[in-house]
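What follows draws every value from the coordinates through simple rules; no lab data is involved. As the structure is a computational prediction, the values presented were derived from the model and not from experiment. Don't worry about glycine lacking a Cβ; one is built from the backbone with ideal geometry, like all the others, and counts go over all protein chains shown.
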Amino acid sequence: MSREEGVETREVVLLAERMSYGPDAVAHDADGKTVFVSGAVAGDRVRAVVDRDEGRFSHARAVEVLEASADRVAPACPYAGVCGGCPWASLSYEAQAAAKRSGVVDSLARIAHMGAERAEGLVAPIVSPGEPWGYRNKVELAVATEGGRPALGMHAAAGEGVVRVKECPLLDGRHAKAVRAVSGALGYLAGSHGLDLERVGIRVSRRTREVEVALWGRPGAFPRAQASKVLADALRPTSVVRVMQKGPAKARRIAGVECLSGAGSWGEQVGSERMRVSAPSFFQVNTRGAEKLVELVMDALQPGEDEEAMDLYCGAGTFTLPLARRAGFVSAVESYGPAVRDLRRNLESAGLDNVDPIGGDAGLEFPDTDADVIVVDPPRAGLAEDVVRQLSERPARAIAYVSCDPATLARDLARFELAGTFSPRRVTPVDLFPQTFHVETVTLLERA
């Protein structure tokens with residue numbers, strides 16, 4: 001037993017049994033208590049320091065690998081372990097994919113109460129739409145204060161501070177050094193001007209070659225011309241915007257978006273669709289992954305030209321546009337103002353006039369239509385209970401549920417089955433986020 005920074009700790013030897021739905025591996029101590037171990041991968045035998053004891057579990061961090069797992073690899077990123085962006089980088093990609101599919105099966109079996117056999121039969125092989133590195137079209141830089149000056153870098157794995165990096169191997173290879181360029185330019189500017197930044201977003205596209213830098217902060221004085229110039233010299237972005245927010249840290253709201261130079265938005269090609277996305281709007285960080293999601297959804301629903309479709313939580317139109325190409329009419333609902341504006345712009349640019357874009361909460365603005373096919377792509381929290389109820393009352397023949405969280409997906413599938421109208425037929429995991437524990441899924445629900 002020892003003390004580190006006032007916290008009582010103890011050393012243990014642990015065998016990491018599997019990966020959790022999180023950055024850590026799962027082990028059990030000599031008393032059978034579950035221990036989440038950071039710095040270990042499934043199959044490792046490690047010496048670890050237990051730094052937190054809870055009622056039902058403990059947390060530990062590996063300090064020495066005594067016997068390495070057969071699935072342990074040397075990370076392609078030199079910052080893995082200190083940067084929080086790629087917590088599974090020491091696990092072989094094949095093992096990552098297997099662990100993610102197993103996690104989806106486990107969620108369906110436990111949370112949806114489907115049982116192991118049925119869950120295993122429902123979940124298809126995991127789809128890997130791209131390379132395990134260099135797949136991201138977006139990174140965000142954290143901003144901290146060091147020595148009285150702002151420091152930009154990646155979020156530290158420990159949760160506090162930033163890690164200064166020269167490049168991010170997760171970002172598209174042609175733009176991997178954009179992180180260093182932007183960090184250096186803004187760090188230089190901060191030496192003579194007050195920036196008061198909270199974070200900095202960088203979006204890049206290999207297909208359109210567009211690069212956008214988004215400077216997130218509070219309203220107030222800002223060196224607009226100087227920021228545009230240093231970023232232009234460092235990176236030559238096609239767009240530089242300033243996103244201003246108000247409100248407390250956990251409830252920020254957009255107070256305005258100001259174009260400092262260039263287009264004022266970012267353009268990407270998804271399949272045959274050209275889309276523009278404003279900095280506050282959500283867009284999948286893996287473009288090839290987004291294309292695979294669209295392919296899976298369209299293959300599952302097979303919308304016909306004489307059918308009506310519904311797209312809930314539609315964002316800037318990733319699924320709305322291809323739905324509108326195939327179906328007779330689409331009702332598209334999105335609550336986030338910037339995304340609604342992006343959706344309308346993308347529909348106009350695509351020449352599509354068979355879509356009703358509806359701004360508002362999906363539960364409150366649920367379209368009063370008899371849609372034949374429905375797409376839902378909610379945030380991590382999943383579907384509200386009243387949305388499951390309203391969907392279950394629809395005469396649709398099929399629903400495609402796109403989820404980024406296996407736990408909330410499982411909860412919602414149980415609700416659908418309880419309502420008795422729709423039942424899951426196939427759940428396809430899609431690995432949009434290699435080197436992390438996150439996994440996307442596309443679930444086809446048909447009438448029970």
Computed over segment 274-447, the relative contact order (Cα-Cα under 8 Å, seq sep at least six) in percent reads 21
Measuring from its Cα centre, the chain shows a charge dipole (+1 at each Lys and Arg Cβ, -1 at each Asp and Glu Cβ) which, in debye to the nearest 20, is 1540
Filtered hits (lysines, Cα-Cα < 21 Å from residue 250, offset >= 8 within chain) -> none
So for segment 202-265, using the alpha carbon gyration tensor with a ≥ b ≥ c as root eigenvalues (a/c under 1.5 gives rounded; past that, a/b versus b/c decides prolate or oblate), I'd call it oblate
Rounded to one decimal in nm, the spacing of the 7 Å Cα→Cβ label points at residue 118 and residue 386 is 2.9
In segment 1-89, the trypsin sites (Lys or Arg not before Pro) that sit in a DSSP loop and have at most 12 other Cβ atoms within 10 Å of their own Cβ are 56
Subtracting the Cα-Cα distance of residue 259 and residue 224 from 0.36 nm times their residue separation yields 11.7 nm
Exposure proxy check on 291, 258: fewest-to-most Cβ neighbours within 10 Å is 258, 291
HN-Hα couplings for segment 276-292 via Karplus (6.51, -1.76, 1.60; θ = phi - 60°), in whole Hz with x for Gly/Pro, come out as 10, 9, 7, 4, x, 7, 6, 8, 4, 6, 10, 5, 5, x, 4, 4, 5
Plugging the Cβ-Cβ distance of residue 51 and residue 144 into 1/(1 + (r/R0)^6) at R0 = 25 Å yields, to the nearest 0.05, a FRET efficiency of 0.65
By the C-alpha gyration tensor axes a ≥ b ≥ c (rounded if a/c is under 1.5, else prolate when a/b exceeds b/c, else oblate), the shape of segment 91-204 is prolate
Checked segment 299-396 against the a/c 1.5 cut and the a/b vs b/c comparison, axes a ≥ b ≥ c from its Cα gyration tensor; verdict oblate
Amide H proximity to residue 35 below 5 Å, modelled H, separation 5+ or other chain, gives 27, 28, 29, 58
Once phi for every residue in segment 41-49 is put through the Karplus expression 6.51 cos²θ - 1.76 cosθ + 1.60 (θ = phi - 60°), the whole-Hz ³J(HN,Hα) values, with Gly and Pro written as x, are 10, 4, x, 6, 10, 10, 8, 9, 10
Counting only residues 5 or more apart in sequence or on a different chain, those whose built amide H sits under 5 Å from that of residue 139 are 202
Helix-only [θ] at 222 nm, the chain, -39500 (n - 2.57) per DSSP H run of 4+, per residue, nearest 500, equals -7500 deg cm²/dmol
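May I ask you to sort 369, 145, 287 by Cβ crowding, counting other Cβ atoms within 10 Å and putting the fewest first?
Ranked by crowding around the Cβ, least crowded first: 145, 369, 287.
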Expected unfolding gain across residue 249-residue 206 under the 0.36 nm per residue rule, minus the alpha-carbon gap, is 12.1 nm
Per GNM of the chain with C-alpha springs under 10 angstrom, the most fluctuating residue out of 309, 40, 227 is 227
Straight-line reach check, residue 100, cutoff 12 Å on alpha carbons, 8 or more apart in-chain or any other chain, hits among aspartates and glutamates -> 405, 431, 440
HN-Hα couplings for segment 342-352 via Karplus (6.51, -1.76, 1.60; θ = phi - 60°), in whole Hz with x for Gly/Pro, come out as 4, 4, 4, 5, 5, 5, 5, 5, 7, x, 9
Fewest-first ordering of 196, 299 by Cβ atoms within 10 Å yields 299, 196
Given backbone amide H placed at 1.01 Å from N, residues whose amide H is under 5 Å from that of residue 426, ignoring those fewer than 5 places away on the same chain, are 444
